[in-house]
Every structure is written in structure tokens, then in C-alpha cells.
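K.L.:
I am attaching a structure below and will ask some questions about it afterwards.
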Amino acid sequence: MSAKLYLENFEEIYNDTYDRTLRYIITKCSNIDDVNDLLQDTYVEFYKLLQKKKYIELDNCQNYIIGIAKKKIYKHYGLLYRIKTSPLFNRSDEKEYEVEIPDDINLEDQTITKLNAEMVWDYIKTKNINVVKIFYLYYYSGFKISQIADELDISESNVKNLLYRTIKDIKQNVKIGGDVGV
């Protein structure tokens with residue numbers, strides 16, 4: 001049974017397919033920092049196709065979007081990926097914007113919290129790719145341990161083991177601002 005998908009239904013399609021597409025991309029990526037870009041590229045391409053063709057007739061919309069994601073991942077991690085990650089192309093060209101800060105915000109505490117989170121995330125990214133995926137799915141995406149085990153095709157006890165051992169490792173090896181002796 002095929003269905004016609006129209007541009008007007010994009011938001012509904014996006015909401016219905018987002019979680020599964022995110023899980024697919026996370027499990028297939030070798031660099032967790034690429035997840036959001038690949039997810040965005042996938043839906044942008046789907047949107048452009050709907051815009052161009054007015055409607056698309058599909059048997060399974062989810063599988064179609066996963067197919068787009070698969071192509072995006074393949075393209076991203078091809079030969080050009082190695083060129084993009086070379087030191088010649090530094091991504092530190094972010095622009096600064098003027099922002100008004102309310103008086104009741106403790107900027108120092110928020111800055112320390114952000115820096116601590118970045119330190120912990122950078123430390124996690126040095127670990128095995130499964131550890132990185134587990135942390136991303138558990139803390140960022142809010143998945144349950146059983147869902148993570150299903151997505152990564154490993155046992156729940158293995159997910160728990162990797163999660164809790166890494167947390168213990170972080171506590172022992174990452175010096176967080178505000179800790180005693182820092």
C-alpha cells in the first residue's frame with residue numbers, strides 16, 4: 001500500500017521518522033560530531049525532493065529516508081572526508097555576536113559548566129566508538145539502556161558496563177572546575 005507524500009506533510013513526516021533516522025545515523029557514524037550534520041542533510045534532501053516533485057509516492061517513507069541517510073553517510077565518509085578533516089581546513093572561523101546578558105545570570109558559573117561539559121565530552125570521544133554512541137544515545141537522545149542495546153546490537157549488561165565504567169573513569173581522570181584540588 002503506497003502513500004502519497006506532499007510538501008505540506010513534511011513536518012508530520014519529520015516527526016514520525018526522526019527518532020529512527022537519528023538512531024540509524026548514530027549507529028553508522030564513526031565520528032559522533034557528524035551526527036547532527038548528517039541528520040540535517042538527510043532531511044534537507046528529502047525536503048528538496050518533495051519541493052521539486054510536488055509529491056512522492058512511497059510504500060515505506062521511513063525506509064526511503066533511511067536510504068537518503070545511508071547515501072549521505074557513504075558520501076560523507078568517502079575520500080573527501082579525509083580531505084575535510086586535514087589541518088588545512090580549520091573550523092575555528094566562528095563569528096562572535098553581541099548578546100545582551102541579563103543581570104540575574106551568573107556568567108562565570110555557566111561558562112565553567114559549559115567548559116566542564118566540553119572537557120567531559122572531549123574525554124568521552126577518545127574512548128571506543130561504542131562508548132561514544134552509548135553516551136550520545138543515553139544522555140543526549142534520552143534512550144533507555146534496552147533501546148541502546150537493540151540499536152547497537154549488544155547486550156544490555158554490556159551497555160550498562162560500558163556506561164558505568166566510563167562514568168567512573170571520568171570521575172577519576174577528568175579534573176572538573178570547582179573540584180577540590182583543581
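K.L.:
Could you tell me whether any residue of region 46-66 is among the β-branched types (Val, Ile, Thr), at pLDDT 90 or above, surrounded by 14 or more Cβ atoms within 10 Å (Cβ to Cβ) and within 30 Å of Asp153 (Cα to Cα)? So that I can check it myself, show each step before the final result.
P.N.:
The initial filter retains those residues of region 46-66 that are among the β-branched types (Val, Ile, Thr), namely 56, 65-66.
Still in the running and at pLDDT 90 or above: 65-66.
Within this subset, residues satisfying the condition of being surrounded by 14 or more Cβ atoms within 10 Å (Cβ to Cβ) are 65-66.
When the remaining residues are screened for being within 30 Å of Asp153 (Cα to Cα), the result is 65-66.
Scanning region 46-66, I find at least one residue that is among the β-branched types (Val, Ile, Thr), at pLDDT 90 or above, surrounded by 14 or more Cβ atoms within 10 Å (Cβ to Cβ) and within 30 Å of Asp153 (Cα to Cα), so the answer is yes.
K.L.:
Let me ask you something else. Sort through Glu100, Glu108, Glu96 and tell me the only one that's part of a helix (DSSP H, G or I), modelled with pLDDT under 85 and open to solvent by 90 Å² or more (accessible area, probe 1.4 Å). Give the derivation first.
P.N.:
Numbers: Glu100 fails: part of a helix (DSSP H, G or I); Glu96 fails: part of a helix (DSSP H, G or I).
On inspection, the qualifying residue turns out to be Glu108.
K.L.:
Is it the case, given these coordinates, that Lys52 is basic (Lys, Arg) and touching a residue at least 24 places away in the same chain (Cβ under 8 Å)? I'd like the intermediate steps shown before the answer.
P.N.:
Values: basic (Lys, Arg): yes; touching a residue at least 24 places away in the same chain (Cβ under 8 Å): no.
No; evaluated as a whole, the condition is false for this residue.
K.L.:
Quick check: is even one residue across region 4-13 surrounded by fewer than 18 Cβ atoms within 10 Å (Cβ to Cβ), within 23 Å of Lys133 (Cβ to Cβ) and touching a Phe, Trp or Tyr at 6+ places or on another chain (Cβ under 7 Å)? Before the answer, list the steps.
P.N.:
First, pick out the residues of region 4-13 that are surrounded by fewer than 18 Cβ atoms within 10 Å (Cβ to Cβ): 4, 6-12.
Those left that are additionally within 23 Å of Lys133 (Cβ to Cβ): none.
Taking every residue of region 4-13 in turn, none turns out to be surrounded by fewer than 18 Cβ atoms within 10 Å (Cβ to Cβ), within 23 Å of Lys133 (Cβ to Cβ) and touching a Phe, Trp or Tyr at 6+ places or on another chain (Cβ under 7 Å).
K.L.:
Just to be sure I understand the filter: pairs with C-beta atoms under 8 Å, separated by 6 or more residues or on different chains, first member in region 30-43 and within 14 Å of Lys71 (Cα to Cα), second member of a type in the set (D, E, K, R) and assigned to a helix (DSSP H, G or I). Which pairs pass?
P.N.:
What qualifies is Leu38/Lys72; Asp41/Lys72; Thr42/Lys72.
K.L.:
Now, a different point. Select the helices (runs of 4 or more DSSP H) contained entirely in region 122-176, then report the ones holding at least 2 residues which are open to solvent by 60 Å² or more (accessible area, probe 1.4 Å) and either in contact with a helix residue (DSSP H, G or I) (Cβ under 6 Å, 6 or more places away or on another chain) or closer than 24 Å to Ile25 by Cβ (or both). Even if it seems obvious, please write down each step before you answer.
P.N.:
Values: elements: 129-135, 145-152, 156-173.
Per the criteria, 145-152, 156-173.
K.L.:
Given the conditions (1) closer than 30 Å to Tyr123 by Cβ; (2) loosely packed, with under 13 Cβ neighbours inside 10 Å, which single one is not true for Ile26?
P.N.:
All conditions are met except number (2).
K.L.:
Does Asn36 meet the test of being under 22 Å from Lys127 (Cα atoms) and surrounded by fewer than 15 Cβ atoms within 10 Å (Cβ to Cβ)?
P.N.:
Working: under 22 Å from Lys127 (Cα atoms): yes; surrounded by fewer than 15 Cβ atoms within 10 Å (Cβ to Cβ): yes.
Yes.
K.L.:
Restricting attention to region 67-93, which residues are at pLDDT 80 or above and open to solvent by less than 90 Å² (accessible area, probe 1.4 Å)?
P.N.:
Here is the first cut: in region 67-93, the residues at pLDDT 80 or above are 67-76.
Gly67, Ile68, Ala69, Lys72, Ile73, His76 - these are the residues of region 67-93 that are at pLDDT 80 or above and open to solvent by less than 90 Å² (accessible area, probe 1.4 Å).
The values are calculated or read from the model by the stated rules, or taken from the named source; none is laboratory data. Remember, it's a predicted structure, so these values are computed and weren't measured experimentally. Neighbour counts are summed over all protein chains in view; Cβ atoms, including those assigned to glycine, are modelled from backbone coordinates with ideal geometry. Ligands, DNA and RNA are stripped out before the accessible areas are found, and what is left, the full protein with its side chains, is counted by its heavy atoms. Shrake-Rupley method; radii C 1.70, N 1.55, O 1.52, S 1.80 Å.
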